[in-house]
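The values are calculated or read from the model by the stated rules, or taken from the named source; none is laboratory data. Please read these numbers as outputs of a predicted model, since none were measured by experiment. So basically every Cβ, Gly included, is an ideal-geometry build from the backbone, and we count neighbours across all protein chains shown. For accessibility, only protein heavy atoms count, side chains too; no ligands or nucleic acids. Shrake-Rupley method; radii C 1.70, N 1.55, O 1.52, S 1.80 Å.
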Amino acid sequence: RPEMRTLADELGCRYLARKDNSDAKAGNINHALQFCDAQYIALFDADHAPAPNFLRQTLGFFADEHVAFVQTPHDFYNLDSFQNRVDKEHARVWSEQLLFFRVIQPGKDRLNSAFFCGSCAVVRREAIEDIGGIATGTVTEDIHTSMKLHKRGWKSVYLSQSLAYGLAPSTVTAFLNQRLRWGQGAMQTWRREGLLFSRGLSLPQKLSYLATILAYFEGWQRLVLFFSPVIVLSTGVMPISAIDVTFLLRFIPYFVLNYLVIESLGRGYARSVLTEQYTMTRFGVFIAPTFGYFLRKLAFAVTPKSMGERDATRRTLWPQFIVLGLNATAIPIGIWLFQDGHHLSQGALVANLIWAGMTAWLAVLAIAHAVRVGNYRRREYRF
């Protein structure tokens, strides 16, 4: 774009462009590496603005000659985006990605398996050249590049300090398209690089990468969880043989302890109720990429530009509307069938009514938030 070239000239920067967009972002970086000889390269997405002390805080880690890259968190300044929640009363902000960048990545860092996230990072040229450039052939060059570096014996560093700020997906449509791409890329990387039986990765690294990739199979788990009460209430077919005192004495403590453990290990970033809302929102797009391990190519959904944001939001949320409709319908059906013929025991009926009610409630919360954010008129931000 001529205006970008003009701006670069004014700032004393070099502007590079390609004749094609082969290999997308990875291709852009590999192309640019031919025109510089710097030992270290700082990488940012176009919407990220680094803090003035970014290099001062990150370059020191390269004193260890085995460090391939230093990754910092992705933080965002458009706080009215879909993945952010603002508590104005207590001046707090929570983001759907906070648990990953504040808890999971530091944990991966301890196992030398923190991965490059494509932006807000510094990479060592020697390490990138050692693997033949930024990884291509997948739609997520970041985790693919990380795995190739770790397989070659390079170290990674994760610095949990906010040093750059960018734009988060503003609407549910953009949010889900991004998650779909991440899921497709994770499956492509798994298929191309192998994992559990590949050479070069330590056992902790293999388990760490496996945990990241298997997270996308959560969609199938939620599919069963969201639709089971519908089947039980409408047919009387139970997934377990009986719900009695013996079962409840084991299930209730497990359920409560599971919640407490997540909140504790999440260091305040888990926010279980909010997390469940986002899980409800993304379960459909988490199912689709799992087929990518077996299929060579998956279609990538792009929202038609002619479609208004409100229409796009409602069309995107069809899985959540189905979950809401079926669970809301199953509640009166289940009550009617129980009164007519006692197709369930009283305990089973109550348990499944609560289950269906909570599922419908989560769907309402997820849809309401997506529609509210989709109605925002502001789409451009100044940093």
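Computed values, structure above
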item	result
Only one of TRP355, TRP361, TRP318 that is more than 24 Å from SER241 (Cβ to Cβ) and either open to solvent by less than 10 Å² (accessible area, probe 1.4 Å) or modelled with pLDDT under 95 (or both)	TRP318
Of all residues in region 1-29 being over 24 Å from CYS117 (Cβ atoms) and among the small types (Gly, Ala, Ser), the one that is surrounded by the fewest Cβ atoms within 10 Å (Cβ to Cβ)	GLY12
Matching residues, region 81-92, being open to solvent by 40 Å² or more (accessible area, probe 1.4 Å), of a type outside the set (A, V, I, L, M, F, W, C) and under 21 Å from the mean Cα position of the chain (by Cα)	ARG85
Whichever residue in region 104-114 is among the aliphatic types (A, V, I, L, M) and more than 14 Å from the chain's Cα centre (by Cα) and, among such residues, is most open to solvent (accessible area, probe 1.4 Å)	LEU111
Residue satisfying all of: in region 175-198; open to solvent by 20 Å² or more (accessible area, probe 1.4 Å) and under 12 Å from the mean Cα position of the chain (by Cα); nearest to PRO319 (Cα to Cα) among these	ASN177
Filter result for the condition that a residue is within 19 Å of the chain's Cα centre (by Cα), of a type outside the set (D, E, K, R) and closer than 22 Å to THR173 by Cβ, over GLN97, GLN71	GLN97
Pair list, Cβ < 7 Å and 6+ apart or interchain, from region 90-114 residues that are under 15 Å from THR72 (Cα atoms) to residues that are of a type in the set (D, E, K, R)	ARG102/ARG267; VAL103/ARG267; ASN112/LYS155; ALA114/LYS108
Matching residues, region 135-153, being within 22 Å of ALA63 (Cα to Cα) and part of a loop (DSSP other than H, G, I, E, B)	ARG152, GLY153
